[in-house]
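Report on the following structure.
The values are calculated or read from the model by the stated rules, or taken from the named source; none is laboratory data. Source: prediction; values computed, not measured. FYI the Cβ positions are ideal-geometry reconstructions off the backbone, even for glycines, and counts take in every protein chain you see.
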Amino acid sequence: GAGVSQSPRYKVAKRGQDVALRCDPISGHVSLFWYQQALGQGPEFLTYFQNEAQLDKSGLPSDRFFAERPEGSVSTLKIQRTQQEDSAVYLCASSLYRDRGKTYNEQFFGPGTRLTVL
Amino acid sequence: AQKITQTQPGMFVQEKEAVTLDCTYDTSDPSYGLFWYKQPSSGEMIFLIYQGSYDQQNATEGRYSLNFQKARKSANLVISASQLGDSAMYFCAMREDSGTGTASKLTFGTGTRLQVTL
């Protein structure tokens, strides 16, 4: 079946521009995560949705970052007034809802969007 | 303190040989999960193997096995019979299960770049 898809795959923005990054999770996956991966580093958590509810946004680096998932499927990560330090790969992942007592539910990652801010 | 530590920035292994990639972790949560992901140059994160903190046996998935030493807080990945296609970045990640029953974010290490040679 189809995996997690992200668009665009590459985005170049001038400093100060707003950008929107899209994530299409695997159909039926309740949980959706956004991660930021700087060059040469591991991914870092940004935010988490369960259906349309944003349950954790503790990783968003500033109020310029905003994420939504209005219908519980597609999600958009928006970055306002981009800065050079926002340059990174933005990864989206989805997973089945996980209940205690069950085994694991691994996160399935999309290919990422590489954002370059000039 | 780093929650996930991968001390090997790069590793070389000859084709058909076995290799161990190190991972240590730090958590006070009694319930947690440990994951290994592979990231080829194309960028997608590919799930390899999972170990739960309460699992009695070390996890195995084909050529991948996880050497889980709970007292030492280590979760090393062993790849047997290395292939050229194994050349990639490898990330160790942890999910802390805080008891809410909801999916939890992954915390990643900085990764190890594995190069398989002829």
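Annotations
- Top-ranked residue of region A:25-54 - restricted to ones that are part of a strand (DSSP E or B) and farther than 27 Å from A:Gln83 by Cβ, ranked as modelled with the highest pLDDT: A:Ala53
- Members of region B:2-54 found to be exposed (fewer than 14 other Cβ atoms within 10 Å of the Cβ), within 11 Å of chain A (Cβ to nearest Cβ), in contact (Cβ under 8 Å) with a residue 24 or more places away in the chain and more than 15 Å from the chain's Cα centre (by Cα), listed by number: B:Gln2
- Residue among B:Leu84, B:Leu106, B:Leu77 that is closer than 14 Å to B:Tyr25 by Cβ, more than 10 Å from chain A (Cβ to nearest Cβ) and of a type in the set (A, V, I, L, M, F, W, C): B:Leu77
- Residue in region A:48-59 that is under 23 Å from A:Leu118 (Cβ atoms) and either of a type in the set (Asp, Glu) or touching a strand residue (DSSP E or B) at 6+ places or on another chain (Cβ under 8 Å) (or both) present: no
- Per-region count, region A:1-24, residues in a loop (DSSP other than H, G, I, E, B) and not polar (S, T, N, Q): 10
- Residues of region A:55-76 that turn out to be part of a strand (DSSP E or B) and more than 10 Å from every other protein chain (Cβ to nearest Cβ), as a count: 6
- Some residue of region A:9-16 being more than 14 Å from chain B (Cβ to nearest Cβ) and within 14 Å of the chain's Cα centre (by Cα): no
- Test: residue in region A:82-94 that is touching a helix residue (DSSP H, G or I) at 6+ places or on another chain (Cβ under 9 Å) and either away from chain B (no Cβ under 14 Å) or outside any strand (DSSP E or B) (or both): no
- Taken as a whole, region A:41-54 holds at least one residue that is on the phi < 0 side of the Ramachandran plot and away from chain B (no Cβ under 11 Å).
- Among (1) more than 14 Å from chain B (Cβ to nearest Cβ); (2) crowded, with 19+ Cβ neighbours inside 10 Å - the single one A:Ser31 does not satisfy: (1)
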